[in-house]
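Enquirer: Sharing a structure, written as structure tokens. Questions coming.
Here, each number is a calculation from the coordinates, and none is a lab measurement. Owing to the predicted nature of the structure, the values given are computational and were not obtained by experimental measurement. Heads up, the Cβs are rebuilt from the backbone with ideal geometry, glycines too, and the neighbour counts pull from every protein chain shown.
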């Protein structure tokens, strides 16, 4: 089954409003065939609404995403942001379960699951991140760790609701390190994730769900990764901060 690739930029804690708008205004004029690829940008929260206004004014097909949400609708949760707030800024996606959230902010699979359900209730689409640490890969339990994260994060998610979700496999040891899983290793994990989705749901959903790779993705390795049958796109960190590099990644098909 042919799945339309999704190339997503996760800017993390980088770029203020001015820098974000300058980036978009440069990127929107790049020669990208959006019939071949979906492109998503996840800027810091402060830039969501300003970027949404520019995307709308320019009738751009770029998708806008938050980098996270909280698992409550409202309340005394200083510094947090709700799914509804994100949606009111014009975002249609959110990233959940990123390894940096799991590591630095102690997010468990159960927390990710609660956030995921809030995102679904707000009619947001989701990029759900899973991935093993280097010690887990060295111990030979990478598949068990990733598939456990996946199953726990998707607890209670229905067949209808999972249509809103893309999975991002991000080996933690490859994020921001310059190391990249070989295309063969990434494909093997993506294949296991797809089989797990088929078990949890059904073959049709398993075949249609998009599974992205993340972890030091750059122009030099995107084509090799995208040639694999089960790799349907990329969640790009550092390389997405540069307009030219991200454009090369987004036009991998050329």
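Enquirer: Two decimals is fine: what's Rg over Rh for region 70-154, C-alpha atoms, Kirkwood radius as Rh?
Expert: 1.03
Enquirer: Let me ask you something else. Label residue 223 and residue 104 with points 7 Å out from Cα along Cα→Cβ: what is the distance between them in nm?
Expert: About 3.4 nm separates the two model spin labels.
Enquirer: What number, in percent, do you get for the relative contact order of the chain if the mean sequence gap of Cα pairs under 8 Å and at least 6 apart is divided by its residue count? Present the calculation step by step, with values, prior to reporting the outcome.
Expert: Numbers: 459 pairs, mean separation 52.5, N = 254.
For the chain, the relative contact order is 21 percent.
Enquirer: May I pose another question? List the residues of region 140-163 whose backbone N lies under 13 Å from a point placed 7 Å from the Cα of residue 117 along the Cα-to-Cβ direction.
Expert: Answer for this model: 153-158.
Enquirer: Please report the Cα spread of region 1-105 along all three principal axes, rounded to whole Å, starting with the longest.
Expert: That gives 44, 37, 22 Å along the principal axes, largest extent first.
Enquirer: Regarding region 116-254, what whole-number volume in Å³ per residue does the convex hull of its Cα atoms give?
Expert: Numbers: hull volume 16.0 nm³, N = 139.
That works out to 115 Å³ per residue.
Enquirer: Highest GNM mean-square fluctuation, the chain, Cα pairs closer than 10 Å: which of 36, 149, 67?
Expert: Judging by the Gaussian network model, the answer is 36.
Enquirer: Please report Rg (one decimal) and Dmax (integer) in Å for the Cα set of the chain.
Expert: 17.0, 51
Enquirer: Write down the Kirkwood hydrodynamic radius of region 153-209, to one decimal in angstroms, obtained as one divided by the mean of 1/r over all alpha carbon pairs.
Expert: With all distinct Cα pairs of region 153-209 included, I get 12.6 Å.
Enquirer: Please identify, among 130, 141, 243, the residue showing maximal mean-square fluctuation in a Gaussian network model of the chain using a 10 angstrom Cα cutoff.
Expert: 141
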